Amino acid sequence: MNMSEKQALGDTKPNEDLENHVHVEAGDAAKLPGDESQQDGYEVLQPTRLYRRRWMMVLLFSTYSLSNSYQWIQYGIISNIFMKFYGVAAFTIDWMSMIYMLTYIPLILPVTWLLDKKGLRVIALSATALNCAGTWIKVVSVAPNLFPVTFLGQFCCSLAQVFILGMPSKLASVWFGSEEVSTACSIGVFGNQLGCAIGFLLPPILVPNVDDMDELAHHIRVMFYITAGVATSLFILVVFVFQERPKLPPTQAQAMARSIPPEQYSYIASIRRLLRNRSFILLIVTYGLNVGCYYAVGTLLNRMIIAHYPGEEVNAGRIGLTIVIAGMVGSLICGIWLDRTKTYKQTTLAVYLMSLVGMIVYAATLSLGHLWVVFIMAGALGFFMTGYLPIGFEFAVELTYPESEGTSSGLLNCSAQVFGIIFTICQGKIIDSFGTLAGNIFLCVFLLIGTIMTGLIKSDLRRQKANQRVKEAAERQKLGQDYGATTLFSQQQTLPSQA
């Protein structure tokens, strides 16, 4: 037993004695070949255990996800300042955000394969190492003639993101019990959202719009040094703290997954099965439409706000912060709601519809001239649009079980990046030619299409159905044991009377 496993065993909840380790979890899996064994006609349940250390794992992941997602919008939210400093066009600065989307598309399948083959720790180390390297490259790029260097640093950080976005559902399944798996996934997504919030808030504060280029370079350098220090600390923490998996699995689903020989799992076959799943294909498209709209709004927010409220760079960042903070609240509420109700289809459709309504109202009120109205509408939009992220992940796991959570979430994110690039480029061009209202109406049309398609998704909750079968098997086994004990007691009472 290695040190991390010993630490995990030491972190066991005090009231979880060995006799309580065998229990049925509400998120248990459907059976694969070799998943089950029989004893006296009943399924043999495997020992499971929850460890307190699981919260450290998800919080550490959430924190380094924050460090990476912060840098996604780091340039875009003060695009006018970086345009002036590096002497580049607005579209070039837009690519500092879109590079996060572009790198994800070709690399997600190889990284998902690596996640399935090598596990969570290798992926976590790769993510934090790339993120750390990217931040230090940016530190040496603070000069007007070094835009290619700062782009290289952003490219490294975008590579790190590929190793991050698909992990929340996988981490939740490996470490958490079924009654908290959606909440854990929401916490994982929470870090990404909080990073975006900080990315909207801090750059306008740390880098004011000054005319002196030397002073501007100093402010940019300070911002990059802070980012590099945080990224380096998180890389060190992951090296020494992040654990691959608990000694004992948290659910019967994970116990079954561990028992499958590696040679029985085919990554290519898994992809093929996913692409033949009609409900999942619909979810891929609708998820991409919703999250792609969010990426476009976040990337172009500075341009939209400055167009109607000149000189309000700081408030543009605060509006972005409002969008994301409201979304974080929405994510946590939706995660808790899903854990308690399991109403995946209904919740997904309701949140999607409200995202459409929020986008319509935001578009209609942006040009009214009242910033406080924009703040309120942006918050409502963020609550539903960003709150949709963990719902999509968990609904995908339900529709595709027992396929790998990393693969399903990876395909969802790939769709989001594709639509994010398309929407950002198209909306940017529409804003330049026809104004912000036309650009936002463009997004509303696609959110309407996504809402209709979401209504067509069949609610085939495979994980929940499989869990019900496991519960019934456990109840039959318990009834059989009770019946055997009662029969034995009756025989013992009968023998003396016969004597």
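List of remarks:
- Positions within the stretch 303-314 being open to solvent by 30 Å² or more (accessible area, probe 1.4 Å), in a helix (DSSP H, G or I) and at pLDDT 85 or above, in sequence order: Arg303, Ile306, Ala307, His308
- Yes/no for Gly288 being of a type outside the set (Val, Ile, Thr) and assigned to a loop (DSSP other than H, G, I, E, B): no
- Pro144 being surrounded by fewer than 21 Cβ atoms within 10 Å (Cβ to Cβ), over 22 Å from Phe235 (Cβ atoms) and either within 18 Å of the chain's Cα centre (by Cα) or free of Cβ contacts under 8 Å to residues at least 60 places away in the same chain (or both): no
- Pairs with Cβ under 9 Å, 6+ apart, first in the stretch 402-414 and farther than 10 Å from Lys170 by Cβ, second at pLDDT 80 or above and of a type in the set (Lys, Arg): Glu403/Arg273
- Residue within the stretch 202-211 that is assigned to a helix (DSSP H, G or I) and buried (at least 21 other Cβ atoms within 10 Å of the Cβ) present: yes
- Among (1) under 18 Å from Leu120 (Cα atoms); (2) within 17 Å of the chain's Cα centre (by Cα) - the single one Pro110 does not satisfy: (2)
- Long-range neighbours under 7 Å by Cβ, at least six apart or interchain, first residue under 12 Å from Asp94 (Cα atoms) within the stretch 297-321, second open to solvent by less than 20 Å² (accessible area, probe 1.4 Å) and not in a helix (DSSP H, G or I): Gly298/Ile73
- Test: residue in the stretch 214-236 that is open to solvent by 40 Å² or more (accessible area, probe 1.4 Å) and assigned to a loop (DSSP other than H, G, I, E, B): no
- Of all residues in the stretch 147-201, those satisfying the criterion of being outside any helix (DSSP H, G or I) and farther than 20 Å from Thr48 by Cα are Phe163, Ile164, Leu165, Gly166.
- Selection of the stretch 380-395 for residues being more than 12 Å from the chain's Cα centre (by Cα) and either outside the structural domain of Gly435 (by the TED database) or open to solvent by less than 10 Å² (accessible area, probe 1.4 Å) (or both) yields Leu381, Gly382, Met385, Phe395.
- In the stretch 100-124, the qualifying residues are those that are surrounded by fewer than 20 Cβ atoms within 10 Å (Cβ to Cβ) and of a type in the set (A, V, I, L, M), and the one that is modelled with the lowest pLDDT is Leu109.
- Some residue of the stretch 193-200 being farther than 18 Å from Leu59 by Cα and of a type outside the set (Gly, Ala, Ser): yes
- Odd one out for Val88 among (1) in a helix (DSSP H, G or I); (2) surrounded by fewer than 20 Cβ atoms within 10 Å (Cβ to Cβ): (1)
- Any hit, the stretch 265-273, residues being more than 30 Å from Thr424 (Cβ to Cβ) and open to solvent by less than 10 Å² (accessible area, probe 1.4 Å): yes
The values are calculated or read from the model by the stated rules, or taken from the named source; none is laboratory data. Keep in mind the model is a prediction, meaning the values are calculated, not measured. Every residue, glycine among them, receives a Cβ derived from its backbone with ideal geometry; neighbour counts consider all protein chains shown. Note: accessible area is taken over every heavy atom of the protein model, side chains too, but ligands, DNA and RNA are not part of it. Shrake-Rupley method; radii C 1.70, N 1.55, O 1.52, S 1.80 Å.
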